[in-house]
Amino acid sequence: MIPDKMLQILKYEGVVAIVTMGGDGPHMVNTWNSYITVTRDGHLLIPVGGMIRTEANVEKNNNVLLTLGSREVQGFRGPGTGFFIKGTAVFIKSGEHFDVTKQRFSWARAAMEITILSATQTL
């Protein structure tokens, strides 16, 4: 289940960092809060244009870490909050979830579907 505070964050723009693990260590890419679609079943869909190395890493180890945040949402001690997310990822290139992503982002070659294992508020 996605925490309500995290859903609030996704209504505002902010950067999202996505970390995968490759043979030579961690690899990080970025996207935007506004690019994330939350599915009815609680997955995160992220459009994929490049992310070649990210996809290769996920094929070998599907564990991912994400951070996201917004200054516009009240945190523990003041304005601004964020989340640290642990999950698993799969790159999808057909089907309903891909179609939803492709409809919003014509440039997407795939959708990265994240299954959230934990989401911890950090600020």
Within region 101-123, how many residues turn out to be at pLDDT 95 or above and either out of contact with any strand residue (DSSP E or B) (no Cβ under 9 Å at 6 or more places or on another chain) or not in a strand (DSSP E or B) (or both)? 10
Within region 74-114, residues more than 17 Å from Leu44 (Cβ to Cβ) and touching a residue at least 60 places away in the same chain (Cβ under 8 Å) come out as Thr81, Trp107, Arg109
Report yes if Asn61 is over 17 Å from Ala119 (Cβ atoms), polar (S, T, N, Q) and without any contact (Cβ under 8 Å) to a residue 24 or more places away in the chain, otherwise no. no
From Thr67, Thr81, which residue is in contact with a Gly (Cβ under 9 Å, 6 or more places away or on another chain), modelled with pLDDT of 95 or more and open to solvent by 50 Å² or more (accessible area, probe 1.4 Å)? Thr67
Return yes or no: is Val15 touching a helix residue (DSSP H, G or I) at 6+ places or on another chain (Cβ under 8 Å), surrounded by fewer than 13 Cβ atoms within 10 Å (Cβ to Cβ) and at negative phi? yes
Considering only residues of region 37-58 that are touching a residue at least 24 places away in the same chain (Cβ under 8 Å) and of a type in the set (A, V, I, L, M), which is farthest from Thr20 (Cα to Cα)? Val38
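The values are calculated or read from the model by the stated rules, or taken from the named source; none is laboratory data. Everything quoted here is computed from the prediction, not taken from an experiment. Counting neighbours? That spans all protein chains shown, and the Cβs are built from the backbone with ideal geometry, glycine included. For the accessible areas, the whole protein counts, side chains as well, though only heavy atoms, and no ligand, DNA or RNA atoms are used. Shrake-Rupley method; radii C 1.70, N 1.55, O 1.52, S 1.80 Å.
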